[in-house]
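Student: Below is the structure I would like to discuss, written out as structure tokens.
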Amino acid sequence: MQFEFATATRIVFGPGRLHEIGTIAAGFGHRALVVCGASAGRAAPLEALLEEAGLFHERFPVPGEPTIGLVEEGVRVAERNDARVVIGFGGGSAIDTAKAIAAMLGNGGALLDHLEVIGAGRPLERPSVPWIAVPTTAGTGSEVTRNAVLASPEHRVKVSLRSPSMLARVALVDPALTASLPPATTASSGLDALTQLVEPFTSSRATPLTDGFCREGMARAGRSLRRAFEAAGEGREAPEAREDMSLAALLGGLALANAGLGAAHGFAAPIGGRFDAPHGAVCGRLLPAVVSVNVAALRRSGPGAAGTLARYDEAARILLARPGVTALDLVAWLTDLVDSLATPRLGTYGIGPSDVPDLVAAAAVASSMQANPVRLSPAELAEILERSL
């Protein structure tokens with residue numbers, strides 16, 4: 001048995017831990033770039049804490065999906081303000097932008113030189129400048145991953161900037177920051193977290209270490225995702241459910257960064273590059289079909305696939321919290337879950353049958369697809385998409 005594991009240098013978790021951000025950030029310098037979401041006012045409490053600690057900061061809002069151009073602009077803003085630490089405060093878009101800015105601040109040069117698929121893919125030679133991740137949604141797990149997903153509108157695709165040196169110095173996860181998330185964001189981010197637990201658990205690169213994270217995370221997401229969504233719709237905070245989902249997202253990030261993902265994320269990258277579709281909702285809508293098609297393909301593979309099939313059965317028992325259930329029950333449960341969370345079908349975003357061949361071709365070579373537990377044919381990949389339209 002051989003495997004490696006890497007994650008953020010330090011993880012700080014718990015309600016109210018945001019209050020430690022000033023002291024934490026001051027340990028890296030007294031000039032910060034705060035990369036936040038479009039609703040910049042949400043970052044006001046963090047900025048007040050930085051000011052109390054004597055830190056000068058410049059705000060850099062991310063209005064939507066992170067793009068190559070946005071990262072390049074952020075690098076210029078950070079250099080102009082002599083930022084010594086970058087803080088990503090928000091959802092996956094803000095955190096991935098902060099991660100990429102920190103990486104390019106430490107390395108210089110052209111971003112395209114280091115991007116996968118559309119760039120030269122050259123390794124980053126130097127570490128990122130120190131950066132701190134403070135997620136305000138419970139979904140991407142980007143606070144503990146080593147890549148930043150960036151959109152290239154010109155190429156109509158999302159690609160990764162990736163390096164072990166891009167891991168955060170500190171991941172500060174305060175579940176209280178997710179308390180006011182609306183139902184749609186709760187659902188989309190939560191489905192992303194769930195997918196990032198199921199896929200690494202059944203991945204061809206799963207390890208005993210990531211298995212533990214996935215088992216714990218699936219148990220928490222299985223009991224709390226629906227509760228958090230319902231509470232959001234009723235205007236309740238549901239702190240226990242929010243804490244479960246924040247931890248599930250963190251555990252999913254730890255797992256995917258070290259065990260990889262699968263077909264749902266293999267499709268999510270080209271879909272996100274070509275259509276205005278929320279990443280988590282896309283993953284959630286794809287997941288039931290991905291599990292169903294993977295299980296069918298594994299059963300056709302013969303006795304050698306028994307171990308992976310058993311993992312899908314185990315995932316069913318954990319998520320449904322019932323003994324004796326199987327992968328077929330898991331597919332039914334996932335289908336009911338995404339419907340009950342009002343998750344749109346992919347056709348809602350303008351994806352139609354004519355798009356299937358191009359998306360299948362793009363997904364087949366996506367980095368996330370390489371860890372899928374079984375190699376899927378173009379016809380099987382098309383079936384996944386067609387069942388999700």
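The values are calculated or read from the model by the stated rules, or taken from the named source; none is laboratory data. Just so you know, these numbers come straight off a predicted model, no measurement behind them. Every residue, glycine among them, receives a Cβ derived from its backbone with ideal geometry; neighbour counts consider all protein chains shown.
Student: Considering only region 66-77, I want to know if a residue exists there that is outside any strand (DSSP E or B), farther than 25 Å from V159 by Cβ, more than 24 Å from the chain's Cα centre (by Cα) and not assigned by TED's automatic domain parsing to the domain that holds D192.
Tutor: Within region 66-77, none of the residues are outside any strand (DSSP E or B), farther than 25 Å from V159 by Cβ, more than 24 Å from the chain's Cα centre (by Cα) and not assigned by TED's automatic domain parsing to the domain that holds D192.
Student: Same structure, new question: Filter region 1-56 down to residues that are among the polar types (S, T, N, Q) and either in contact with a helix residue (DSSP H, G or I) (Cβ under 9 Å, 6 or more places away or on another chain) or over 30 Å from T67 (Cβ atoms) (or both) and give me whichever is surrounded by the fewest Cβ atoms within 10 Å (Cβ to Cβ).
Tutor: The extreme case among them is Q2.
Student: Only one of A277, A316 is within 24 Å of the chain's Cα centre (by Cα) and without any contact (Cβ under 8 Å) to a residue 24 or more places away in the chain; which?
Tutor: So the residue among A277, A316 that is within 24 Å of the chain's Cα centre (by Cα) and without any contact (Cβ under 8 Å) to a residue 24 or more places away in the chain is A316.
Student: Within region 14-54, count every residue that is in a loop (DSSP other than H, G, I, E, B), closer than 16 Å to A168 by Cβ and out of contact with any Leu (no Cβ under 9 Å at 6 or more places or on another chain).
Tutor: Count: 2.
Student: Another question, if that's okay. Kindly indicate which of L197, L191 is crowded, with 24+ Cβ neighbours inside 10 Å, in contact (Cβ under 8 Å) with a residue 24 or more places away in the chain and more than 16 Å from R317 (Cα to Cα).
Tutor: L191
Student: For residues in region 378-389 being in contact (Cβ under 8 Å) with a residue 60 or more places away in the chain and of a type outside the set (K, R), which is farthest from R285 (Cα to Cα)?
Tutor: Among those that are in contact (Cβ under 8 Å) with a residue 60 or more places away in the chain and of a type outside the set (K, R), it is E380.
Student: Now for a separate question. Please enumerate the residues belonging to region 149-180 that are surrounded by fewer than 24 Cβ atoms within 10 Å (Cβ to Cβ) and part of a loop (DSSP other than H, G, I, E, B).
Tutor: P153, E154, H155, R156, S163, L167, R169, D174, A179, S180
Student: While we're here: Condition check: in a loop (DSSP other than H, G, I, E, B) and more than 16 Å from N81 (Cβ to Cβ). Does F5 satisfy that?
Tutor: Criteria met by F5.
Student: I've got another one for you. Can you tell which of P200, P175, P182, P239 is touching a Cys at 6+ places or on another chain (Cβ under 6 Å) and modelled with pLDDT of 95 or more?
Tutor: P200
Student: Looking at region 356-363, is at least one residue buried (at least 16 other Cβ atoms within 10 Å of the Cβ) and acidic (D, E)?
Tutor: Within region 356-363, not a single residue is buried (at least 16 other Cβ atoms within 10 Å of the Cβ) and acidic (D, E).
Student: Could you list, in sequence order, all residues of region 99-122 that are of a type outside the set (V, I, T), out of contact with any Phe, Trp or Tyr (no Cβ under 6 Å at 6 or more places or on another chain) and farther than 23 Å from A362 by Cα?
Tutor: Kept after step one, since they are of a type outside the set (V, I, T), are these residues of region 99-122: 99-100, 102-116, 119-122.
Within this subset, residues satisfying the condition of being out of contact with any Phe, Trp or Tyr (no Cβ under 6 Å at 6 or more places or on another chain) are 99-100, 103-116, 119-122.
Correct list: K99, A100, A103, M104, L105, G106, N107, G108, G109, A110.
Student: Going through region 336-354 one residue at a time, which ones are on the phi > 0 side of the Ramachandran plot and surrounded by 12 or more Cβ atoms within 10 Å (Cβ to Cβ)?
Tutor: Residue satisfying the conditions is A342 alone.
Student: A further question on this structure: Give just the number: which of (1) in contact with a Ser or Thr (Cβ under 7 Å, 6 or more places away or on another chain); (2) under 21 Å from V338 (Cβ atoms) does E230 not satisfy?
Tutor: Unmet for E230, out of (1) in contact with a Ser or Thr (Cβ under 7 Å, 6 or more places away or on another chain); (2) under 21 Å from V338 (Cβ atoms): (1).
Student: Same structure again: Which fully enclosed helices (runs of 4 or more DSSP H) of region 271-389 have 2 or more residues being within 20 Å of A151 (Cβ to Cβ) and among the hydrophobic types (A, V, I, L, M, F, W, C)? Working first, answer last.
Tutor: Values: elements: 279-301, 306-320, 327-340, 356-364, 378-388.
Answer list for region 271-389: 279-301, 356-364.
Student: Shifting gears a bit: Given (1) modelled with pLDDT of 95 or more; (2) over 24 Å from A342 (Cα atoms), identify the lone condition not met by G302.
Tutor: (1)
Student: Tell me whether region 98-112 contains one or more residues that are in a loop (DSSP other than H, G, I, E, B), modelled with pLDDT under 95, surrounded by fewer than 21 Cβ atoms within 10 Å (Cβ to Cβ) and not aliphatic (A, V, I, L, M).
Tutor: At the first step, the residues of region 98-112 found to be in a loop (DSSP other than H, G, I, E, B) are 108-110.
After this cut, where a residue has to be modelled with pLDDT under 95 as well, the list is 108-110.
From what is left, the residues that are surrounded by fewer than 21 Cβ atoms within 10 Å (Cβ to Cβ) are 108-110.
From what is left, the residues that are not aliphatic (A, V, I, L, M) are 108-109.
The answer is yes, given that some residue of region 98-112 is in a loop (DSSP other than H, G, I, E, B), modelled with pLDDT under 95, surrounded by fewer than 21 Cβ atoms within 10 Å (Cβ to Cβ) and not aliphatic (A, V, I, L, M).
Student: Just to be sure before I move on: is G119 part of a loop (DSSP other than H, G, I, E, B) and either touching a residue at least 24 places away in the same chain (Cβ under 8 Å) or buried (at least 21 other Cβ atoms within 10 Å of the Cβ) (or both) in the structure I sent?
Tutor: Working: part of a loop (DSSP other than H, G, I, E, B): yes; either touching a residue at least 24 places away in the same chain (Cβ under 8 Å) or buried (at least 21 other Cβ atoms within 10 Å of the Cβ) (or both): yes.
Against the criterion (part of a loop (DSSP other than H, G, I, E, B) and either touching a residue at least 24 places away in the same chain (Cβ under 8 Å) or buried (at least 21 other Cβ atoms within 10 Å of the Cβ) (or both)), G119 qualifies.
Student: Take the residues of region 310-340 that are of a type in the set (K, R) and in contact with a Ser or Thr (Cβ under 9 Å, 6 or more places away or on another chain): which is farthest from F213 (Cα to Cα)?
Tutor: R317
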